[in-house]
Each structure stands twice: as C-alpha cells, then as structure tokens.
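The values are calculated or read from the model by the stated rules, or taken from the named source; none is laboratory data. Fair warning: this is a prediction, and the values are worked out from it, not measured in the lab. Here the Cβ is made from the backbone with ideal geometry for all residues, glycine too, and neighbour counts use every protein chain on show. In case anyone asks, the SASA skips ligands and DNA or RNA and just uses the protein heavy atoms, side chains included. Shrake-Rupley method; radii C 1.70, N 1.55, O 1.52, S 1.80 Å.
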Amino acid sequence: MSQHSLQGRTDDEVLWFQRRGFLQAAAAWSAIGGYAAAQAQSRSNIVELHGDALLNGARLRPEQTIQTGDEIVTGPQSNLVFVVGNASFQVRQNSRLSVERGSTLNAVSLLRLLSGAVASVWGRGGNRNIVTPTMTIGIRGTGVYTEILAKEDNRNYFCNCYGTVDLNAGSDRATSTAEYHESFYGETAPRDGRMLTPADAINHTDEEMEHLARLIGQRTAWQISGKKGTKGGAGYKRY
C-alpha cells in the first residue's frame with residue numbers, strides 16, 4: 001500500500017516514519033533493547049513525540065512514560081509513537097484514546113478510541129480489544145488501523161492489516177483473517193440492513209505497519225511471506 005488512498009488525511013500523517021527524527025529515535029529504541037530494557041532502565045516508552053499531546057489532561061513530555069490506565073489526546077499536526085509491553089502504537093493528530101490495563105501493568109487489555117486515528121501492532125497474548133463508538137474488535141496477534149471519520153458523520157473505519165480479529169457492530173458479527181489489509185466500516189446507522197460493511201484500505205501504509213512491527217521485534221505477514229495480496233474487503237465473512 002505504498003500508493004496509499006487518503007480520505008481526509010495528509011501525506012505527512014502517513015509518511016511520519018520517513019522523518020529523520022523518527023528514524024533516529026527508532027534506532028535508539030532498538031539499541032537499548034526495546035520495551036523491557038526501557039522499563040529496566042527507567043526510560044520512557046515514547047519512541048517519538050512530534051508536536052503537542054496531553055497525558056491525563058497535562059502536557060505530555062517526551063521523557064514521560066505512558067502507562068495502562070492513561071488517556072491520551074494529540075493536538076493538530078502532532079504524531080505520537082509509543083510501546084506498551086508487546087504492543088506498539090502510532091497516534092494521528094487530533095485523536096483521543098485510552099489504554100486500559102490487562103493482566104499486568106505492562107499489558108494493554110483494551111484500546112478505546114474516541115476520536116481520530118491510531119495504527120497499532122499487537123504481539124500474541126490474552127484477550128485484547130479495540131473499542132470505538134460503533135465497533136468492538138477482539139484482537140490476537142495482529143496489525144491494525146482504526147479511525148473515526150468525523151467528516152462522514154463519525155462513521156468508524158477498521159483495517160485488519162494482517163492477523164485474525166473478531167468484529168462486532170450492532171447485531172453484526174464477523175471474523176477477519178487477513179495477510180494483507182481487509183477493511184470494514186462500523187456504521188452509525190444501518191446500510192442495506194447492515195451495521196458492519198466492507199471497505200477499501202485507506203489512510204495508512206504498509207511501511208507504517210512494518211515500522212511499528214519492528215519496534216516490538218516482529219515482521220508483518222507480507223514481510224514473512226515475501227508477497228502482498230489484494231487490499232480491501234474481498235475476504236469479508238459475516239455469520
């Protein structure tokens with residue numbers, strides 16, 4: 001998805017991984033040994049903070065640590081990349097989300113997105129969920145992109161970039177197993193009687209997911225297989 005489709009997002013937002021500041025920060029993150037080493041050395045788990053953001057209502061500083069139970073709000077033209085346990089997150093500008101505690105302080109059980117957008121990669125683990133105003137997504141080990149489309153009456157968008165997820169929207173349920181970008185809308189009102197509908201892949205790139213996977217010592221499905229598939233909702237399964 002290098003040739004990405006943008007709907008209400010800018011090139012800068014999806015090309016954040018090309019900035020020299022991020023590349024230097026990612027190299028430093030890898031050099032110290034990732035999240036476990038950062039915790040042991042009492043270092044921040046923020047890989048990059050570009051622009052302004054709030055942590056629990058106060059201005060977020062790059063040296064701080066984001067913990068489960070925290071609420072994050074990003075400002076205009078900002079970008080935030082951080083890691084908690086075996087999950088990595090890239091938060092777009094003008095977003096509001098919270099990360100809730102799992103079995104330990106260093107495990108995210110639930111990502112609640114209230115506005116904006118976030119790309120995330122999750123290592124294998126126990127039950128974890130992403131919750132938006134219209135969808136609940138049960139995730140396993142996977143890479144995903146989630147956005148609330150404010151200009152489309154807050155229609156919710158979700159892409160299973162790779163892995164397996166269980167989706168619920170109203171009375172609709174689906175299981176998505178993908179190796180290359182299977183996308184959905186969680187509708188705010190039924191469309192042809194359905195609250196969960198297929199979508200095209202928008203507003204995120206392969207390279208973003210690859211960089212997020214690298215931060216937790218992983219590779220995407222297409223990096224492992226050496227081939228890319230067809231983007232979109234062709235594999236949509238409803239039951």
**Request:** Could you please give the count of residues in region 164-186 that are within 24 Å of residue 150 (Cβ to Cβ) and open to solvent by 20 Å² or more (accessible area, probe 1.4 Å)?
**Result:** 3
**Fill in**
Scanning region 10-30 residue by residue, the ones that are over 15 Å from residue 89 (Cβ atoms) and among the small types (Gly, Ala, Ser) total 4
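Looking at region 121-148, which of its residues are under 10 Å from residue 186 (Cβ atoms) and either among the aliphatic types (A, V, I, L, M) or in a loop (DSSP other than H, G, I, E, B) (or both)?
To start, the set of residues in region 121-148 that are under 10 Å from residue 186 (Cβ atoms) comprises 132-137, 146, 148.
Selection gives 132, 133, 134, 135, 137, 148.
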**Prompt:** What tally of residues in region 120-138 results from selecting those that are out of contact with any Gly (no Cβ under 8 Å at 6 or more places or on another chain) and open to solvent by less than 10 Å² (accessible area, probe 1.4 Å)?
**Reply:** 2
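Name the strands (runs of 3 or more DSSP E) wholly within region 1-99 that hold at least 2 residues that are open to solvent by less than 30 Å² (accessible area, probe 1.4 Å) and in contact (Cβ under 8 Å) with a residue 40 or more places away in the chain? Even if it seems obvious, please write down each step before you answer.
Numbers: elements: 46-50, 53-55, 71-74, 79-84, 87-91.
Here the list reads 79-84, 87-91.
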**Asked** When residue 73 is evaluated against the numbered criteria (1) out of contact with any Lys or Arg (no Cβ under 6 Å at 6 or more places or on another chain); (2) at pLDDT 95 or above, which criterion, by number, is the only one it fails?
**Response** (1)
**Message:** Just the residues that are at pLDDT 95 or above, within 13 Å of the chain's Cα centre (by Cα) and among the hydrophobic types (A, V, I, L, M, F, W, C), please, taken from region 123-160.
**Reply:** 130, 131, 137, 144, 148, 158, 159
